[in-house]
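One structure is given here, and the rest of the page talks about it.
The values are calculated or read from the model by the stated rules, or taken from the named source; none is laboratory data. Note that this is a predicted model, so its numbers are computed, not measured. Because the Cβ atoms are built from the backbone with ideal geometry, glycine has one as well, and the counts that use them run over all protein chains shown. For the accessible areas, the whole protein counts, side chains as well, though only heavy atoms, and no ligand, DNA or RNA atoms are used. Shrake-Rupley method; radii C 1.70, N 1.55, O 1.52, S 1.80 Å.
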Amino acid sequence: MGGNAQDLNITLVKYRSGLGVPGIMGPKLDSVIEIKAQPESKSAKVVKTEFNENSVETGKLETEMSAENAASVLALVNELTEIPTQNEPGIPDVFGKNTSVFVRRGAQEVWAYNPGSGGCGAMDPAEMSFSVTDDHKAKFGSIVDSLSQVSSASFQ
């Protein structure tokens, strides 16, 4: 798959714990799922990297997605971009999924959610420039779970 300005790059960074929690210990990586989708050809490639409890890479899988799974990814991304977000360091994990998500079209960021451990500069949820409802939280959780399932199905 060659690079194109219309290509979508979706990255899910899943953590075991610690995302958006103030303190000096950073979150522990669980896995990174990278999906490179070409909307025009309805094709996609997925790369999944797994990490052990010490955030050390333990394996990497790469495969092409079926056209059906690629279409599902594109639909899920459309739903995701309807959820309010902000991409600032130190925001708490308001969605509660221990997952950062980045969506880019070519080199341009389309949507991102990247809570941090914050440390001393952790942001109070009341200071955030966006607010989320329980519906937003449920939708985000469902989309992240679905993206993970579609990606995993591609390796079977």
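In the stretch 34-74, the residue that is nearest to SER152 (Cα to Cα) out of those that are touching a residue at least 24 places away in the same chain (Cβ under 8 Å) and of a type in the set (Lys, Arg) is LYS48.
Taking the stretch 58-102, which residues are within 16 Å of the chain's Cα centre (by Cα), among the hydrophobic types (A, V, I, L, M, F, W, C) and exposed (fewer than 14 other Cβ atoms within 10 Å of the Cβ)? ALA75, the sole residue that qualifies. Which residues, counting only those in the stretch 113-155, are part of a loop (DSSP other than H, G, I, E, B), at pLDDT below 85 and open to solvent by 60 Å² or more (accessible area, probe 1.4 Å)? Correct list: ASP124, SER129, SER131. Taking the criterion of being of a type in the set (D, E, K, R) and in a strand (DSSP E or B), the residues of the stretch 32-68 that qualify are GLU34, LYS36, LYS45, LYS48, GLU50, GLU57, LYS60, GLU62, GLU64.
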